[in-house]
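Visitor: Let me begin by handing over the structure; questions about it come next.
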Amino acid sequence: MPRAFTPKVITANALLEGDAIWFTQDDTWSRDIAEAEFITDEAHADIRLLEARADQSLVAGVYLAEAKLSDNGPAPTHFREAFRTRGPSNYAHGKQEA
Amino acid sequence: MYVYNDFDEAFVRERVAQFRGQVARRIDGSLTEDEFKPLRLMNGLYLQLHAYMLRVAVPYGTLNSAQMTQLAHLADTYDKGYGHFTTRQNIQYNWPDLRDVPDMLSDLADVGMHAIQTSGNTIRNVTADHFAGAAKGEIEDPRPVAELLRQWSTDHPEFQSLPRKFKIAVTGCEADRAVIRAHDIGLRVVRNGEGEIGYEVIVGGGLGRTPMVGKVLRTFLPKADLLPYCEAIVSVYNLLGRRDNKYKARIKITLHENGLEKIQDLVESRFEQIAPLFGGVDQELLAEIEHSFAAPAFVSKSVDGYEAARLANPAFRSWSDTNLAEHRADGYAIVSISIKKHGATPGDATSDQMRVMAELAARFGHDELRISHEQNVILPHVHKSDLPEIYAALRAADLATANIGLISDIIACPGMDYCALATARSIPVAQQIATRFDELKLEHDVGPLKIKISGCINACGHHHVGHIGILGLDRAGVENYQITLGGDGTQTTTIGERAGPGFGADDIVPAIERLVLGYLDLRSDSSETFLQAYRRLGAEPFKNILYPEKAQKNAA
Ligand code: SF4
């Protein structure tokens, strides 16, 4: 049996700054995962991934990442993706700095 | 030190100009990411978790003060005021903006530096003993040969798309501080029965997923044959190395699958073929290079001030006991500056610290600095009479930690705090272990102990050759740390043995504490190091300390 589809968001790195960004419902890229489009359907995920990859003039390395729904909106489930929303743990650099 | 000639200068400038054009074309959309990625990697530019990362080569770990000052300038101008020194004697900048990278490369070219071949399936930055040219007992400074190899391998048309990356390390001593047996090619300067200088050639070492200790391909290779012989090795690998499976592509696997004898035969016949084509031009070049590595003019003066300072200042005494190594010239010492202050990120130096170290090198150290694979900075040629002043300056810059070779002198790769390939973090584990043993005030009592931490199986943190190795893994979405014991990265290279099941992020530091305190009970006396005790007693008693419940069950 194929594995049940688990919710996702589409993420990438910004072309110029290189930081983590997420694909929104309006086909824009946000620096806040909570603004990402929360994708719960596999076929829709495939289409949105193609759309997100269609224009890579501003982004690099587009992929689907596991996500869950929190009070604020989509949130990471895996620690790697959680770090991407914050920054490194040894300095207050990256997103947590702002 | 080697200074770029017109050819080097023109070549590096041209590469900067090419990359400037490539970046512009990526930004205006004429290049896709797929097209741009290999181009940026050729110039040392990675894309990591939070930002780009620029990896700058420090060839054979040698810098002059102007270069170190320029590294500080890059940190201030284009990054967040610091840089990270790596186990490959490189420096990495963690926060550059894509638009700034061509300027960074141009600023590097101003001081004869570049980021070429710090990535990709090419021959990477050649690493060397960080005490080269200064160590007591060295047969010959290995850096001229390392520079020759750098020039030969840079943009070598035949070796730009090898099956996988290729790393060469050199040492001029019996004592191995360059982990040469864990490199694709390891070279050690030796003398034969006639007193002639040559090389022991070791091939097929490597860490990573399948750790292997290199094997001797030639016990004595005449010095003049070095370059054609290395070219023969790499070209045999280029043909034979597997391209179907990334995990089986390194020369260690080629050697393992084909056997030493077959590789030896192929290398020897290829060598016979190509050696005549070199026609001695490599030797002319080497002679020129050797000239630029001539030893500084050492002087003889009194060391009374140094001895007096040792008596008067216990902190200075402790630092000089731990951080100095024997120099080949009388009255001189090799200074290791620890970039491992307790609780700080291993290998990170601020721009201010870089400038202080550069200034000390210029004033007291014949203008030379080294980066060690253990992520510290070395002043290789210092007269002992200058040490009190050097120590005072280091102290003022927060660089006087007296912990070289001790438990808090930890190698840690960037791990999941930066690296896109990581499976867990390594920096916080290093920070916590160092902080904990500083609180316990035990590290001088524990003595020589090398802890090495990697954030994934690629083993950039050399965990396999740590006396205690720690490997960070992702176990069902949680960070988990596996311990290996008894590894050794010196002339007696040994791959550490896995101790047992991994520990969670909250349990790894207590486990290390238990292990080290347990060793204090196990050692025969205070002169028996952790590694010696492990070799005498075997793994069992150490495993029992790490897993007390299992030990109890077995005893019941
Ligand atoms: S060992 Fe893994 S996590 Fe650490 S720097 Fe290397 S690739 Fe990254």
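The values are calculated or read from the model by the stated rules, or taken from the named source; none is laboratory data. No experiment lies behind these values; they were computed from the predicted model shown. For neighbour counting, all protein chains shown are included, and Cβ atoms are generated from backbone atoms with ideal geometry for every residue, glycine included. We work out accessible area using only protein heavy atoms, side chains counted, and drop any ligands, DNA or RNA first. Shrake-Rupley method; radii C 1.70, N 1.55, O 1.52, S 1.80 Å.
Visitor: Among the listed residues B:L531, B:L537, identify the single one that is among the aliphatic types (A, V, I, L, M), surrounded by fewer than 17 Cβ atoms within 10 Å (Cβ to Cβ) and in the same structural domain as B:V429 (by TED's automatic domain parsing). Steps first, please.
Guide: Numbers: B:L531 fails: surrounded by fewer than 17 Cβ atoms within 10 Å (Cβ to Cβ).
B:L537 is the lone residue from the list that is among the aliphatic types (A, V, I, L, M), surrounded by fewer than 17 Cβ atoms within 10 Å (Cβ to Cβ) and in the same structural domain as B:V429 (by TED's automatic domain parsing).
Visitor: Next question, about the same structure. In region B:203-236, what residues are touching a helix residue (DSSP H, G or I) at 6+ places or on another chain (Cβ under 6 Å) and free of Cβ contacts under 8 Å to residues at least 24 places away in the same chain?
Guide: Within region B:203-236, just B:L221 meets the criteria.
Visitor: While we're looking at this one, here's another question. Taking B:G405, is it more than 14 Å from chain A (Cβ to nearest Cβ), open to solvent by 10 Å² or more (accessible area, probe 1.4 Å), under 30 Å from B:N480 (Cβ atoms) and touching a residue at least 40 places away in the same chain (Cβ under 8 Å)?
Guide: In short, yes.
Visitor: Before we move on, is B:L399 in a loop (DSSP other than H, G, I, E, B), within 30 Å of B:L45 (Cα to Cα), touching a residue at least 60 places away in the same chain (Cβ under 8 Å) and away from the ligand (no atom under 16 Å from the Cβ)?
Guide: In short, yes.
Visitor: Return a yes/no flag: does region A:33-44 have any residue that is within 11 Å of chain B (Cβ to nearest Cβ) and open to solvent by 60 Å² or more (accessible area, probe 1.4 Å).
Guide: no
Visitor: If you don't mind, another one. Counting only residues that are hydrophobic (A, V, I, L, M, F, W, C) and touching an Asp or Glu at 6+ places or on another chain (Cβ under 7 Å), which one in region A:51-82 is farthest from B:G343 (Cα to Cα)?
Guide: A:A60
Visitor: Also: Going residue by residue through region B:449-457, is there one that turns out to be within 13 Å of the ligand (Cβ to nearest atom), part of a loop (DSSP other than H, G, I, E, B), within 14 Å of chain A (Cβ to nearest Cβ) and modelled with pLDDT of 95 or more? Let's see the steps before the verdict.
Guide: In the first step, residues of region B:449-457 are kept if they are within 13 Å of the ligand (Cβ to nearest atom); the result is B:452-457.
Among the residues that remain, those that are also part of a loop (DSSP other than H, G, I, E, B) are: B:455-457.
Then drop every residue that is not within 14 Å of chain A (Cβ to nearest Cβ), which leaves B:455-456.
Then drop every residue that is not modelled with pLDDT of 95 or more, which leaves B:455-456.
Checking region B:449-457: at least one residue is within 13 Å of the ligand (Cβ to nearest atom), part of a loop (DSSP other than H, G, I, E, B), within 14 Å of chain A (Cβ to nearest Cβ) and modelled with pLDDT of 95 or more.
Visitor: Would you be able to say whether some residue in region B:482-494 is of a type in the set (S, T, Y), away from the ligand (no atom under 16 Å from the Cβ), at pLDDT 95 or above and in a strand (DSSP E or B)?
Guide: Looking through region B:482-494, at least one residue is of a type in the set (S, T, Y), away from the ligand (no atom under 16 Å from the Cβ), at pLDDT 95 or above and in a strand (DSSP E or B).
Visitor: Which residues, taken from region B:514-528, are open to solvent by 70 Å² or more (accessible area, probe 1.4 Å) and either in a loop (DSSP other than H, G, I, E, B) or not assigned by TED's automatic domain parsing to the domain that holds B:T484 (or both)?
Guide: Of everything in region B:514-528, those that are open to solvent by 70 Å² or more (accessible area, probe 1.4 Å) and either in a loop (DSSP other than H, G, I, E, B) or not assigned by TED's automatic domain parsing to the domain that holds B:T484 (or both) turn out to be B:S524, B:D525, B:S526, B:S527.
Visitor: Scan region B:241-260 and report the pairs whose first residue is touching a residue at least 40 places away in the same chain (Cβ under 8 Å) and whose second residue is open to solvent by 80 Å² or more (accessible area, probe 1.4 Å) and in a loop (DSSP other than H, G, I, E, B), with Cβ atoms within less than 7 Å and a gap of 6+ or a chain change.
Guide: Listed pairs, sorted by first residue: B:A249/B:R243.
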